[in-house]
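Structure first, then comments.
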Amino acid sequence: MWAKLRRRRGSLSWIGARRPVSVDSPRAIGTSRALSDRIFRGVSRGGGVTVLAIMLLVGLFLLIRAWQALSVSGWSFLTVSSWDPDAGAGHFGIAAVLIGTVLIALVAIVIALPVSVATALYISEYAPERLKKALITLVDLMAAIPSVVFGLWGFFFLQGAVTDIARWLATTFGWIPLFAVEGFDPSDPLGSMTVFTSSSFVAGIVVAAMITPIMTSIMREVFSQAPVGEREGALALGSTKWGMIRSVVLPYGAGGIIGGSMLGLGRALGETIAVYMIISPVFVIQPHILQNGASSVSSLIALRYGEASEFAMSALMAAGLALFLMTLVVNFVASSIASRSRSGVDS
């Protein structure tokens, strides 16, 4: 009997030795997407790839068309102020128009930023519910107004309306080079006011009116996403309405303010028609924003496109390539900051 038990135990141990030991491992879970999901995924991916491909093709087209002028001018294209491409190398460049473009865009941002923040805060925090919907619709409709309408408004109304403001700025802050005006005597009350028209200041105000709706919409959206719990907590601790906004809403929406401002800056850099209708193009570096005469890359292209020779057209394409790259960088940075602010990462 004992021998039989030993034989049975040996056979069981032999069977256990041959049986593989199981190891616990996570089971792969697969998902079967419906046909509609696969179609939507493919269309979305195709749309994103198409947009990137179009942008690359536009940049490649500008580079190919601009290569003739760039190969002749070299790095002087970024340092020369005059614009006479048919005269050869050293006689054409975008230094003046590039600085003019940046100055107009900076004036627009300085004016539009406080207006956009105040408007967005009023709509999201103070406006009654019935008025809030109307204001949101009105701001969105303002963004759809054609730029030529803003240009006509700036040309026929704004140039004469802001000369007194420009004169006061030149008189009060003329010791700052940015606000100095050559040929203007503050002690002469009968001095000509034409020195203040067609300036970067007037063009910047018009562009500010154009970019304010876009900036306001982005900021309002971010402000409205501030956490309700933190809002109520600040008010429960005895904070005033403005104290809650200052300690909760504005810190949460800081990324949205930066992103909206940079998106507005991207549009301000590329604005063409409104600026072209207001400024008097000059091809010298003009750092005085209140003085008559300004320039921008987009207005240069609009001004010289019709009469350009083959080589001059290549030079204009080079100017367009510089503007394309500048606005592309600004918009990419702005989109990144704005998307992070919407998800609350920056809060």
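Laboratory data are not the source of any read-out in this text; all were calculated from the coordinates shown. All figures in this text were calculated on a predicted structure; none of them were measured in a lab. In this analysis, Cβ positions are derived from the backbone assuming ideal geometry, glycine residues included, and neighbour counts consider all displayed protein chains.
Okay, here's what the table says:
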| quantity | calculated |
| --- | --- |
| Helix-derived mean residue ellipticity, 222 nm - over the chain, DSSP H n ≥ 4, -39500 (n - 2.57), to 500 | -21000 deg cm²/dmol |
| Of SER44, ALA334, VAL181, farthest towards positive along the dipole that unit charges on Lys, Arg, Asp, Glu beta carbons give the chain | SER44 |
| Estimated distance in nm for a label pair at MET55 and ILE165, the labels positioned 7 Å out from Cα along Cα-to-Cβ | 3.4 |
| VAL284-ASP86 pseudo-label distance in nm [points 7 Å out on the Cα-to-Cβ vector] | 2.4 |
| Lys/Arg +1, Asp/Glu -1 at C-beta; region 56-343 dipole; positive extreme among ILE123, SER200, LEU56 | ILE123 |
| Evaluated at q = 0.12 Å⁻¹: base-10 log I(q)/I(0), Debye formula over Cα of region 158-262 | -0.64 |
| Alpha carbon convex hull of region 56-343, projected area averaged over orientations, nm² | 18.3 |
| Fully extended contour minus Cα-Cα distance, from THR79 to LEU250, at 0.36 nm per residue | 57.5 nm |
| Taking the chain and dividing mean pair separation by its residue count, relative contact order in percent (alpha carbons under 8 Å, at least six apart) | 26 |
| Kyte-Doolittle mean at least 0.5 and Cα axial length at least 18 Å: DSSP H helices in the chain | 35-73, 95-121, 129-142, 200-224, 254-270, 310-343 |
| Protection proxy ranking, peptides 127-135, 212-220, average beta carbon neighbours within 10 Å, highest first | 212-220, 127-135 |
| Region 314-336 versus region 138-168: alpha-carbon centroid distance in Å | 25 |
